[in-house]
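What follows is a set of notes on a single structure, which appears directly below.
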Amino acid sequence: MRRAFALALAVIALSGCAPRAQSSTVFAMDTVMELTAYGPRQAVDGAVSLIHEAEDRLSVTAEDSDIARVNGSGGGEVDGDTASLLKRALELCKLTDGALDITVYPLVRAWGFTTGAYRVPGEEEIGSLLEKVDYSAVTLEGNTVTLPEGALLDLGAVAKGWVSDRIAAGFREAGVRSGLINLGGNVMALGKKPDGSDWSVGIRDPFSEGLLGAVSVRDSAVVTSGGYQRYFEENGVRYCHIIDPRTGRPADSGLASVTVVGAEGVLCDGLSTAVYVMGLEAASQLWRENSGFELVLVTDGGEVLVTEGLEDVFKPMDVYKDGEIRVIRRD
Ligand code: ADP
Ligand code: MG
């Protein structure tokens, strides 16, 4: 009798450790998103609503979003959630010394990345649009935003990472201890896998359809930005969707892809864009002077570099095993 009771308890305990997987696939924010939570169904349904709400508030193209309204009238009141993302985004612009700049939108638009009507703007046009680019001129007081004349906000470089943080928080609140949130290149691994091992998150090879490798992580975001994600070609030149706010032209820093790993999704998302703009030297410097993130960098020449904290958790695919993986150290 006692043994049967103990056995029943053990079975309950085991099933308690590994609730069934609940999943959803959503198309939002221009990408396919996949959510998995080991826990209650409501957790995933809540996350789907959160994604749609965030898209409605943050989209730069949707007519009635917070961002479109602010852009249309040089400022105004935004939702508290939008304000808190904007606040964090402005901090990240500062941290990256403007390599991330949420006011670079006039240029993103001029190059055609918003509409798909791609074109190469002339020098003069780039010069005059650059005058409008300056995140430090944006003010946020409470939930009220003020933009300088002609400035336009775009939170596209940080929105998905921020949403992944919000979903992870919602999952935790719902009692989910294990889950995977994949917002199209913006991954958040919640807890460990139900079997107790770390999640293995693949990183795309910027030069093929395959994988470069994978990182083993828990409670961590893994975010990749690369020139291969969205670009157009004209006269044999490739122009990518990440703009260098100093030149007004697509970033060309010598990096083919940047992956940022860390606990905070919005930080990793903002930094993946910024580091792609900054290039290897400035990125290494930024990493040495700050904590909270690690990097996997692939140069245009195909060299792979990882920061110290990923030395033991980054596993390259076979094609990259022969090449040396360089480790960036704090020293
Ligand atoms: P994706 O959203 O395609 O995964 P990113 O997170 O790197 O890629 O964000 C790129 C988007 O951010 C661009 O589509 C554009 O809207 C915007 N953007 C481009 N360059 C910058 C920049 N230097 N700073 C801030 N936002 C940028
Ligand atoms: Mg980004």
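Worth a mention:
Rundown of residues vs (1) outside the structural domain of Trp287 (by TED's automatic domain parsing); (2) closer than 23 Å to Asp30 by Cα; (3) among the aromatic types (Phe, Trp, Tyr), yes/no style:
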{"position": "Asp101", "(1), (2), (3)": "yes, yes, no"}
{"position": "Ala117", "(1), (2), (3)": "yes, yes, no"}
{"position": "Glu124", "(1), (2), (3)": "yes, no, no"}
{"position": "Ile167", "(1), (2), (3)": "no, yes, no"}
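- The numbered conditions (1) farther than 26 Å from Ile167 by Cα; (2) within 16 Å of ligand 2 (Cβ to nearest atom); (3) without any contact (Cβ under 8 Å) to a residue 40 or more places away in the chain are all true for Val108 except (3).
- For the range 98-127, filtered to residues that are of a type outside the set (A, V, I, L, M, F, W, C) and more than 15 Å from ligand 1 (Cβ to nearest atom), the residue that is surrounded by the most Cβ atoms within 10 Å (Cβ to Cβ) is Glu125.
- Residue satisfying all of: in the range 271-300; free of Cβ contacts under 8 Å to residues at least 40 places away in the same chain and within 15 Å of ligand 2 (Cβ to nearest atom); nearest to Arg246 (Cα to Cα) among these: Ala283
- When residues of the range 128-175 are limited to those that are of a type in the set (Asp, Glu) and touching a residue at least 60 places away in the same chain (Cβ under 8 Å), the one most open to solvent (accessible area, probe 1.4 Å): Glu149
- For first residues located in the range 21-43 and of a type in the set (Gly, Ala, Ser), partners that are in a strand (DSSP E or B) and open to solvent by less than 10 Å² (accessible area, probe 1.4 Å) and lie 6+ apart or on another chain with Cβ distances below 7 Å form the pairs Ser23/Leu35; Ser24/Leu35; Ala37/Gly179; Ala43/Ala37.
- Those residues of the range 8-41 which are in a loop (DSSP other than H, G, I, E, B), at pLDDT 70 or above and open to solvent by less than 70 Å² (accessible area, probe 1.4 Å), in sequence order: Pro19, Met29, Gly39, Pro40
- Boolean, Asp244 is within 10 Å of ligand 1 (Cβ to nearest atom), among the charged types (D, E, K, R) and surrounded by fewer than 21 Cβ atoms within 10 Å (Cβ to Cβ): yes
- Looking only at the range 182-197, and only at residues there that are closer than 12 Å to Arg218 by Cα and in contact (Cβ under 8 Å) with a residue 24 or more places away in the chain, the one that is most open to solvent (accessible area, probe 1.4 Å): Lys192
- Yes/no for Glu234 being closer than 30 Å to Gly191 by Cα and away from ligand 2 (no atom under 16 Å from the Cβ): no
- Here Asp252 clears all of (1) of a type outside the set (A, V, I, L, M); (2) open to solvent by 10 Å² or more (accessible area, probe 1.4 Å); (3) in contact with a Cys (Cβ under 9 Å, 6 or more places away or on another chain); (4) part of a helix (DSSP H, G or I) except the condition numbered (4).
- Some residue of the range 187-197 being within 16 Å of ligand 1 (Cβ to nearest atom), under 14 Å from the mean Cα position of the chain (by Cα) and under 20 Å from Pro40 (Cβ atoms): yes
The values are calculated or read from the model by the stated rules, or taken from the named source; none is laboratory data. The model shown is predicted, which means the values in this text are computed figures rather than measured ones. Reconstructed Cβ throughout: ideal geometry from the backbone, glycine too, with neighbour counts over all protein chains shown. We work out accessible area using only protein heavy atoms, side chains counted, and drop any ligands, DNA or RNA first. Shrake-Rupley method; radii C 1.70, N 1.55, O 1.52, S 1.80 Å.
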